[in-house]
């Protein structure tokens, strides 16, 4: 097994001290300042939404929708474990409590291109079909229709500087993570 470096999936590439990727050809460099010319300009890969909250006594820490995957007809909401926790019908705005993908794990995205399949992981990008994996006892993978938008929802929590308030907030957030993952 060949070892790779952070941000580089191909072991024949290495990071130089300036952080630029040096490819297998000696002296070849990737210019981070200039985008590669393309025929089509793609939409943003992931939109980032900052959700600001103020911590207060009795605040509920329920499952957090960390990622939204939008298709033409539905919005799939996933928690930090990439588990589908909610499916919303876009036309009506109604939450589908019986959708078969509830509880399944987001694996990434895929798109057939000529004689090859493009796979995108860990999250889909616009233009691919999202791929979810059923959890046992059900097995297998299922695709959605084409993804039109991906939104990463970052929670920004303001906590008063009262004694132990910050530690208590981290305890609640960590406990939520432990319950989700355990």
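The values are calculated or read from the model by the stated rules, or taken from the named source; none is laboratory data. None of the values given here were measured: they were computed from a predicted structure. Cβ placement follows ideal geometry from the backbone for every residue including glycine, while neighbour counts extend to all protein chains displayed.
Of all positions in segment 148-159, at least one carries a residue that is in contact with a helix residue (DSSP H, G or I) (Cβ under 8 Å, 6 or more places away or on another chain) and either exposed (fewer than 15 other Cβ atoms within 10 Å of the Cβ) or modelled with pLDDT under 95 (or both).
For segment 164-171, the count of residues that are in a strand (DSSP E or B) and free of Cβ contacts under 8 Å to residues at least 60 places away in the same chain is zero.
Of everything listed in (1) over 30 Å from residue 164 (Cα atoms); (2) modelled with pLDDT under 95; (3) part of a strand (DSSP E or B), the single unmet condition for residue 70 is (2). Collect the residues in segment 128-142 that are in a strand (DSSP E or B) and surrounded by 14 or more Cβ atoms within 10 Å (Cβ to Cβ), keeping them in residue-number order. Scanning segment 128-142 gives 129, 130, 131, 132, 133, 142. A count restricted to segment 104-123 and to residues that are modelled with pLDDT of 95 or more and at positive phi stands at 1.
Being assigned to a loop (DSSP other than H, G, I, E, B), surrounded by 13 or more Cβ atoms within 10 Å (Cβ to Cβ) and either within 17 Å of the chain's Cα centre (by Cα) or not assigned by TED's automatic domain parsing to the domain that holds residue 55 (or both) is the requirement here; does residue 103 meet it? Walk me through how you get there before you give the answer.
Values: assigned to a loop (DSSP other than H, G, I, E, B): yes; surrounded by 13 or more Cβ atoms within 10 Å (Cβ to Cβ): yes; either within 17 Å of the chain's Cα centre (by Cα) or not assigned by TED's automatic domain parsing to the domain that holds residue 55 (or both): yes.
Answer is yes for this residue.
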